[in-house]
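Written out below as structure tokens is the structure these notes cover.
The values are calculated or read from the model by the stated rules, or taken from the named source; none is laboratory data. It should be emphasised that the depicted structure is a prediction, and the values quoted were computed from it without experimental measurement. Reconstructed Cβ throughout: ideal geometry from the backbone, glycine too, with neighbour counts over all protein chains shown.
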Amino acid sequence: MKTVRIPKERVGVIIGTNGETKAYLEEKLGLQLVIDSEGEVNIMEESAKDPIAILKAMDIVKAIGRGFSPQHASRLLDDMEYLEIIDMKDYVGSKPEQLSRQRARVIGSNGKTRRLIEDLTGADISVYGSTVGIIGQPEQVEVARKAVDMLLRGSEHATVYRYMERSRPKLRVIEMGFEP
């Protein structure tokens, strides 16, 4: 049995309406999830038909716990999709006002920056608590991670946008199924 802890307020999301999300994940992954109200999710290894399913389940549960919707987290069912979590505390410590400022830099006004990162890289981004989660293919995650890193290190937004624009042709080639 593997255990993943998620915030209490995200327990309802992983269960879903009438248990739909939990049932969907159990069916797709071929294993059983036991979820308690305190935010502890137990992944029953004995019920898994595929050892990789356990790792996927852990990543999907972490992704939902870090603010992704179940629809975006289920991208991780694909073997070529990955989750990366960046802790903003590594950049500014744990002062609430600093974390709030960093969250605002990554999200942008009215969500513009987050939306641009998603549009230009093809990755999904979630800013939750003191973390930034990224889901995508390896190349998408790499470009999105560097963009978020640049923002957290204080680069101007225009500089970050230019970096992503320069990376876009390479990502398009990869999206079409060709390796550069």
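Observations, loosely collected:
- Candidate set: the range 101-136, residues that are under 16 Å from the mean Cα position of the chain (by Cα) and of a type in the set (Lys, Arg); chosen: the one farthest from residue 162 (Cα to Cα): 103
- Residues of the range 127-139 that are surrounded by 22 or more Cβ atoms within 10 Å (Cβ to Cβ) and either more than 21 Å from residue 102 (Cα to Cα) or of a type in the set (Ser, Thr, Tyr) (or both): 136 alone.
- When residue 21 is tested against (1) touching a Pro at 6+ places or on another chain (Cβ under 8 Å); (2) closer than 21 Å to residue 84 by Cα; (3) of a type in the set (S, T, N, Q), only condition (2) is not met.
- Only residues that are surrounded by 16 or more Cβ atoms within 10 Å (Cβ to Cβ) and either farther than 18 Å from residue 141 by Cβ or in contact with a strand residue (DSSP E or B) (Cβ under 9 Å, 6 or more places away or on another chain) (or both) were counted across the range 65-84, and they come to 13.
- Exactly one residue out of 105, 162 is assigned to a helix (DSSP H, G or I), charged (D, E, K, R) and touching a residue at least 12 places away in the same chain (Cβ under 8 Å), and it is 105.
- Total residues in the range 1-30 satisfying the condition of being touching a strand residue (DSSP E or B) at 6+ places or on another chain (Cβ under 7 Å), touching a residue at least 24 places away in the same chain (Cβ under 8 Å) and not in a loop (DSSP other than H, G, I, E, B): the figure is 7.
- Given (1) in a helix (DSSP H, G or I); (2) buried (at least 20 other Cβ atoms within 10 Å of the Cβ), index of the condition residue 33 fails: (1)
- Reported count of residues in the range 35-71, each being closer than 13 Å to residue 15 by Cα and aliphatic (A, V, I, L, M), is 5.
- Unmet criterion (only one of (1) in a helix (DSSP H, G or I); (2) over 15 Å from the mean Cα position of the chain (by Cα); (3) not assigned by TED's automatic domain parsing to the domain that holds residue 155) for residue 60: (2)
- Residue list for the range 85-98, restricted to those being surrounded by fewer than 18 Cβ atoms within 10 Å (Cβ to Cβ) and not in a loop (DSSP other than H, G, I, E, B): 85, 87, 89, 90, 91, 92, 96, 97, 98
- Residue 3 being under 22 Å from residue 132 (Cα atoms) and polar (S, T, N, Q): yes
- Residue selected from the range 124-142 under the condition touching a residue at least 60 places away in the same chain (Cβ under 8 Å) and out of contact with any Ser or Thr (no Cβ under 6 Å at 6 or more places or on another chain), by the criterion farthest from residue 107 (Cα to Cα): 136
- Every condition in (1) free of Cβ contacts under 8 Å to residues at least 60 places away in the same chain; (2) in a loop (DSSP other than H, G, I, E, B); (3) not β-branched (Val, Ile, Thr) holds for residue 67 except the one numbered (1).
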